[in-house]
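*Asks:* The structure follows.
The values are calculated or read from the model by the stated rules, or taken from the named source; none is laboratory data. Since the model is a prediction, treat every value here as computed from it, not as a measurement. Here the Cβ positions follow ideal geometry from the backbone for every residue, glycine too, while neighbour counts run over all protein chains shown. When the accessible area is computed, the model is the full protein with side chains, heavy atoms only, and any ligands, DNA or RNA have been set aside. Shrake-Rupley method; radii C 1.70, N 1.55, O 1.52, S 1.80 Å.
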Amino acid sequence: MDYLDDISSSYDNVAASYAAMIVDGADWEVEAFELLGKLVAGSGRPVLDVGCGPGRTTGLLAGRDLPVIGIDLSPGMIEVARRDHPDLDFRVGSMTALDLPDSSVAAVVSWWSIIHLPRDVVPQAFAEFHRVLAPGGFLLLGFHVGEQSTHKTSGYGGHPMNIYVHRWTGPALTDLAAAAGLTPYQVSDIPEDRLLFQK
């Protein structure tokens, strides 16, 4: 599919510069991942970081003592992730067709990674998240808030890219998650650009 090729090649182009520029975990990320760690503690199943990029978020999750698998469409990103986090499990793959068994993970973290999928493909990704989640498992989702879409032709040091960035509203994503069989998990004071669901 052309859009997958465009996403993959675009992030291959920026992998090294992205990893150099986006390095630290903010307090709000730490809080989100600590909450997830408490929710899945003792499950015995890994957390899946889809769209893991160079492994920054995967490393933050692993730092919460969570077993974790990082998956990204870009081989270049996975190469950098393996270089920077050699002890973690990274794989090239697509969130629209996850190479994992049914009910095999305790949680899926999609941290600003669905934003490049065409809007009509996001339900397919949600269906895959639901499929690989164990009963009672969690989906932690981060996204850009809004309704517009923009075409990105360069980034992270001016390297060429050919991707679309689609903004979403919380209610629109909640409807798609519900259609996939996921239920909102209520957390007080959760910012509007992230959502938590349970299978």
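*Asks:* Once you have a ≥ b ≥ c as the square roots of the Cα gyration tensor eigenvalues for segment 4-123, tell me rounded if a/c is under 1.5, and otherwise prolate or oblate according to whether a/b is larger than b/c.
*Replies:* Values: a/c = 1.60, a/b = 1.23, b/c = 1.30.
Oblate shape, in that a/c is at least 1.5 and b/c is the bigger or equal ratio.
*Asks:* Quick one: which residues, 5+ away or cross-chain, put their amide H under 5 Å from the amide H of residue 198? H built at 1.01 Å from N.
*Replies:* 139, 183, 185
*Asks:* Apply 1/(1 + (r/R0)^6) to the Cβ-Cβ distance of residue 34 and residue 83, taking R0 = 22 Å, and write down the FRET efficiency to the nearest 0.05.
*Replies:* 0.25
*Asks:* Accessible area per residue of the chain at 1.4 Å probe, in Å²?
*Replies:* On the way: 9130 Å² over 199 residues.
I get 46 Å² per residue for the chain.
*Asks:* Still on this structure, I have one more. Roughly what % antiparallel, to the nearest 5, for the DSSP beta bridges in the chain?
*Replies:* Details: 14 of 33 bridges.
Within the chain, antiparallel bridges account for around 40 percent of the total.
*Asks:* Next question. Is the C-alpha gyration tensor of segment 73-199 telling us rounded, prolate or oblate? Criteria: a/c under 1.5 is rounded; beyond that, a/b larger than b/c is prolate, otherwise oblate. Mind showing how you got there, number by number?
*Replies:* On the way: a/c = 1.75, a/b = 1.16, b/c = 1.51.
Oblate, since a/c reaches 1.5 and b/c is not below a/b.
*Asks:* Here's another thing I want to ask about it. State the percentage of accessible surface on the chain attributable to carbon and sulfur atoms; use a 1.4 Å probe and exclude ligands, DNA and RNA. All intermediate terms of the calculation are to be shown ahead of the outcome.
*Replies:* Details: 4650 of 9130 Å².
Of the solvent-accessible surface of the chain, carbon and sulfur hold 51 percent.
*Asks:* List the GluC sites (Glu not before Pro) within segment 75-178 that DSSP assigns to loop and that have no more than 13 neighbouring Cβ atoms inside 10 Å.
*Replies:* Numbers: sites: 79, 128, 147; in loops: 147.
Counting only loop positions with at most 13 other Cβ atoms within 10 Å, the GluC sites (Glu not before Pro) in segment 75-178 are 147.
*Asks:* Another question about this same structure. Over the chain, what is the mean sequence separation of C-alpha contacts under 8 Å (at least six apart), divided by residue count, expressed as relative contact order in percent?
*Replies:* Numbers: 390 pairs, mean separation 41.3, N = 199.
Relative contact order comes out at 21 percent.
*Asks:* Among 160, 73, 149, which residue has its Cα furthest toward the positive end of the charge dipole of the chain, with +1 on Lys/Arg Cβ and -1 on Asp/Glu Cβ?
*Replies:* 73
*Asks:* When only alpha-carbon atoms count, how far does segment 1-67 stretch along each of its three principal axes, as whole angstroms with the largest first?
*Replies:* In descending order, the Cα extents are 39, 27, 16 Å.
*Asks:* Something else now. Go ahead and estimate [θ] at 222 nm for the chain from helices alone: -39,500 (n - 2.57) per DSSP H run with n ≥ 4, summed, over the residue count, rounded to 500. Intermediate values should be presented prior to the final figure.
*Replies:* Numbers: 6 runs with 72 residues, N = 199.
Rounded to the nearest 500, it is -11000 deg cm²/dmol.
*Asks:* Another question, if that's okay. Given Cα positions, please report Rg to Rh for segment 126-199, the hydrodynamic radius being the Kirkwood one.
*Replies:* Details: Rg = 14.8 Å, Rh = 13.8 Å.
Radius of gyration over Kirkwood radius for segment 126-199 works out to 1.07.
*Asks:* Take the alpha carbon gyration tensor of segment 158-199, find the square roots of its eigenvalues, order them as a ≥ b ≥ c, and report rounded if a/c is under 1.5; if not, report prolate when a/b exceeds b/c, else oblate. Each step should come with its number before you reach the end.
*Replies:* Details: a/c = 3.01, a/b = 1.89, b/c = 1.59.
Cα axes put segment 158-199 in the prolate bin.
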